[in-house]
Amino acid sequence: MADDHHHTNPDHLLTEPAELADNSQNKETNPGNMSLGAQTGDEIASPPNGGGGTGGGGYAVTTAAAPPTAPAQVDPNAKAVYDVVNSEIGVSTLLNRLKQSIASAKEFALFLKKRSTLEEEHSNGLRKLCRVTSESIRRPDHRHGSFLQSYDQITAIHERMADNGAQFAISLHQMHEDLLDVAANIERGRKHWKTTGLSAEQRVADTEAAMRKSKAKYDSLAEDYDRVRTGDRQSGKIFGIKGPKSAQQHEEDLLRKVQAADADYASKVQNAQAQRQELLSKLRPEAVKSLDELIKECDSGLTLQMQKFASFNEKLLLSNGLNVSPLKGSEQGSQPRSLREVVYAIDNEKDLSGYISSFASKVAPRIADIKYERNHVLNASQPTASLPQRQSDPPSSFASRQGPPQLSGGPPPTHQAHQSQQFSQGPPPASNMHERSFSQGPAMPQYGSMGAPNRGPAPISTFNSSSISSGGPPQINTLPFQTSHSPPPSFPQQQQQPPPNTYSQPPINANGGGNLPPLKPVFGLSLQQLFERDGSAVPMVLYQCIQAVDLFGLELEGIYRISGTASHITKLRAMFDNDASKVDFRNPENFMHDVNSVAGLLKQFLRDLPDPLLTSEHYDGFIEAAKNDDEIVRRDSLHAIINSLPDPNYATLRALTLHLNRVQEASAANRMNVSNIAIVFGPTLMGANTGPNIQDAGWQVRVIDTILQNTYQIFDDD
């Protein structure tokens with residue numbers, strides 16, 4: 001039996017609650033009861049006709065006693081069951097049913113073994129992780145103080161969870177062995193009763209076949225004798241072995257054969273009757289009863305192990321839950337802290353102050369103020385000589401030959417010269433003008449090659465629109481935020497002169513991009529900072545990534561879901577931080593033919609934004625809009641909030657949404673439908689990776705899902 005091993009009680013988790021342990025022992029107090037469930041009852045054995053189990057070998061119908069207040073339940077199939085098991089096919093039917101029970105028990109035992117192996121590997125891996133990270137975090141190059149104390153408690157919680165998992169794996173392995181023992185024992189019983197029961201049935205069938213054959217011979221001889229006796233003779237003489245026979249001799253021979261056949265037939269009938277009587281009264285009932293008991297034992301053992309499996313799963317989850325968040329008792333001091341409390345106990349200010357103050361003893365004493373003291377020798381030898389002019393001091397007429405001062409219109413510095421050069425990769429033309437409906441913010445002028453769409457009429461007097469190139473990004477000092485540094489009207493040509501061969505160098509290749517210095521950082525800067533520096537409302541890194549995915553990744557299965565290679569992403573990031581204008585992803589060699597890394601780079605850029613793309617300011621508005629059940633109201637609410645976003649955010653969101661719409665249109669090949677894309681980009685665009693906003697994960701996904709479902713209602717597709 002599967003539950004003979006339970007008295008050693010190996011099935012309790014290390015940290016399971018006491019009440020669960022008591023319940024698990026109560027379920028195992030009767031190891032001999034293999035009936036389904038926890039109820040006990042009387043076994044009533046009687047044929048469905050109401051007989052007392054006579055020599056016909058009735059089938060024992062087992063029913064569990066119902067509670068005293070409930071009427072006894074009658075099996076509606078009892079009569080049919082009785083007829084089947086007491087027929088010639090009864091033994092074979094029960095053998096097939098027992099075979100199914102054994103196969104099911106073995107299959108569940110195999111499941112328990114594999115699950116035990118997984119839990120053991122997870123437990124060992126968790127222990128190893130806790131040990132390695134605990135040793136590493138204590139090194140001098142890591143933080144100490146409250147952070148180290150909280151980290152130790154975090155690893156302790158995980159170690160207790162690993163112990164629970166290990167105990168759970170041991171219990172599952174024990175259940176696997178018990179179930180295999182039950183299946184093996186029942187398999188041996190099945191083989192025995194298969195030989196015994198089927199051989200008895202076969203013997204009766206062979207005896208009855210011999211009886212029918214003897215009766216056919218007996219009837220044939222009797223008919224021949226009757227024809228001879230009544231005078232229905234054939235003409236001519238009958239020849240025998242010793243010569244011709246007379247009619248009387250032939251009749252006598254037939255009579256002797258009929259009498260012999262009659263005696264043989266009678267004996268075979270008696271033998272068949274005896275065999276059948278033995279089968280019906282003894283052999284078949286024994287086989288049926290034994291097979292029925294084996295089936296019930298196998299099914300009950302399997303059900304018991306499945307009930308234990310369900311109970312152990314509940315104990316494991318409850319124990320891990322109590323480790324992560326213990327129940328609060330009356331005595332607060334004796335209760336362990338929850339994982340949330342441990343994390344929130346980290347005091348960054350205190351740790352920083354303590355670390356810096358630990359170096360107070362190493363501070364060197366302050367020296368006296370630095371001042372110039374002229375040597376008295378020079379004072380004595382040159383009493384009337386004036387101080388020589390330094391070479392770094394320009395002559396008084398230098399400024400008049402160099403043109404206007406830098407602050408009022410001089411040539412732009414090197415980093416500004418890049419802004420006046422059009423991108424060689426061919427960004428969208430500046431003639432694509434769009435309007436935002438439900439505009440709630442001040443309008444901005446057009447943004448050149450990747451400018452933000454207009455949401456209303458732009459004030460013409462803000463800047464000189466004729467200075468903006470129609471085929472590239474805005475020129476230096478032509479944007480609204482640069483009006484305070486615009487040069488005087490007398491130097492317009494100097495402002496529009498392109499820098500000498502700024503982009504004549506070949507595009508940066510990713511094979512050497514890992515060691516490039518961050519000359520013009522892109523990652524970690526806000527969209528407004530990038531816009532003010534580069535003059536492009538849609539950052540070049542986003543534009544290049546979208547271009548690469550559109551060209552090479554729309555039909556790639558799992559795009560944006562499958563992570564790229566970390567080393568490739570690092571190299572690509574270094575390329576953009578060096579100079580984004582020199583990167584060209586139209587050539588797949590520039591990103592090592594790894595489109596998944598390009599998609600990962602795009603998501604990394606959005607995650608690294610100081611303020612999320614949909615902005616923290618409008619976060620609550622987006623969540624409240626997503627909670628509207630009416631699709632039209634939800635769409636219009638989100639549309640109104642999107643129109644109120646800052647211009648760089650609006651332009652970037654528009655470019656990204658139109659691109660993701662193209663991705664989902666190819667979902668038949670890439671398996672990335674609107675729902676999958678929303679799950680990937682919801683936290684990324686809403687910026688809720690940490691903090692209390694994690695509870696809004698479902699609403700974040702709904703925001704992105706609604707935007708993608710209504711792409712062309714919110715944005716135009718020019």
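Quick notes on this structure:
- Hits in segment 639-649 (condition: closer than 12 Å to Phe715 by Cα and within 32 Å of the chain's Cα centre (by Cα)): His639, Ile642
- When residues in segment 341-360 are screened for being surrounded by 12 or more Cβ atoms within 10 Å (Cβ to Cβ) and part of a helix (DSSP H, G or I), 9 of them pass.
- Number of the condition not met by Thr384 [criteria: (1) β-branched (Val, Ile, Thr); (2) modelled with pLDDT of 60 or more; (3) more than 22 Å from Asn164 (Cα to Cα)]: (2)
- The listed residue being under 30 Å from the mean Cα position of the chain (by Cα) and of a type in the set (D, E, K, R), out of Asp550, Asp534, Asp584: Asp550
- Among all residues of segment 300-316, there is at least one that is exposed (fewer than 12 other Cβ atoms within 10 Å of the Cβ) and without any contact (Cβ under 8 Å) to a residue 40 or more places away in the chain.
The values are calculated or read from the model by the stated rules, or taken from the named source; none is laboratory data. All values derive from a computational prediction rather than experimental measurement. All Cβ positions, glycine included, derive from the backbone under ideal geometry; neighbour counts span all protein chains shown.
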